[in-house]
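**Student:** Got a structure for you, questions after.
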Amino acid sequence: FFWGRPLLVGGNGGKRGYGVGVFLDELKKWRPAVVVLQQRDWPAEGIDSATWFSRQPSLQGWLTEGYRQEADTGTYFIWKRRDLP
């Protein structure tokens with residue numbers, strides 16, 4: 001589960017326990033089987049969750065290293081962990 005809004009707007013950025021680094025730590029710890037990134041979810045912000053995620057070098061590196069894109073539905077990019085059939 002990823003609720004992008006707090007990260008997109010920098011909620012509590014710089015505080016311990018928040019931000020991209022903590023989010024990445026959680027992703028590494030829990031290794032979700034599937035990662036789904038939504039497109040056009042926050043039009044008022046000028047950036048959607050999928051675009052924001054892809055512009056974070058550490059998150060994009062983690063994603064492309066361990067996951068393969070399975071689908072683009074036009075609303076969602078769906079990625080599956082590489083070590084799963």
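**Student:** Of (i) 13.8, 43; (ii) 20.0, 63; (iii) 12.8, 38, which one was derived for Rg and Dmax of the Cα atoms in Å from the structure shown?
**Tutor:** Correct label is (iii).
**Student:** Relative contact order, percent, of the chain when contacts are C-alpha pairs under 8 Å separated by at least 6 residues?
**Tutor:** Details: 88 pairs, mean separation 22.9, N = 85.
So the answer I get is 27 percent.
**Student:** Simple spin-label model, 7 Å along Cα-to-Cβ: ARG16 to ARG55 in nm?
**Tutor:** 3.0 nm
**Student:** Report the paramagnetic label zone for ALA33: residues of the stretch 43-85 whose backbone N is under 17 Å from a point 7 Å from Cα along the Cα-to-Cβ axis.
**Tutor:** Output list for this probe position: 67-71, 78-85.
Throughout, read-outs are computed from the coordinates displayed, never taken from laboratory work. These figures come from a predicted structure and were not determined experimentally. Reconstructed Cβ throughout: ideal geometry from the backbone, glycine too, with neighbour counts over all protein chains shown.
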